[in-house]
Amino acid sequence: MSYDVLEKQIRALPEEALEEVSAYLDRIGSIYQAKQTVDFSFVDNIFGTLSDEEANELRSCCGLKFRENA
């Protein structure tokens, strides 16, 4: 459906209906936006604390470097 057809249909509505149309479009927009939102909560689960032994093991076998916090 083209925007021209939608515009004609909206223009044919009474003035009182425009607020309802606007609210409906806002709701539809939020539904589609929610579908496109990517869940990055897994990133929070990636970070953790390693023991010195675990860090040394990963350094030796994988060549990884770690940022150490005091």
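Rolling a 1.4 Å probe over the protein chains gives LEU64 an accessible area of about 80 Å².
Maximal additional length on extending the ARG59-ILE31 stretch stands at 5.5 nm, based on 0.36 nm per residue less the C-alpha distance. For VAL21, the solvent-accessible surface with a 1.4 Å probe is about 40 Å², rounded to the nearest 10. With a cut-off of 15 Å between beta carbons, the residues surrounding LYS65 carry a summed charge of -2, where Lys and Arg count +1 and Asp and Glu -1.
The values are calculated or read from the model by the stated rules, or taken from the named source; none is laboratory data. Predicted model only: the values in this text are computed from it and were never measured. Don't worry about glycine lacking a Cβ; one is built from the backbone with ideal geometry, like all the others, and counts go over all protein chains shown. These area figures cover heavy atoms from the full protein model, side chains too; ligands, DNA and RNA do not enter into them. Shrake-Rupley method; radii C 1.70, N 1.55, O 1.52, S 1.80 Å.
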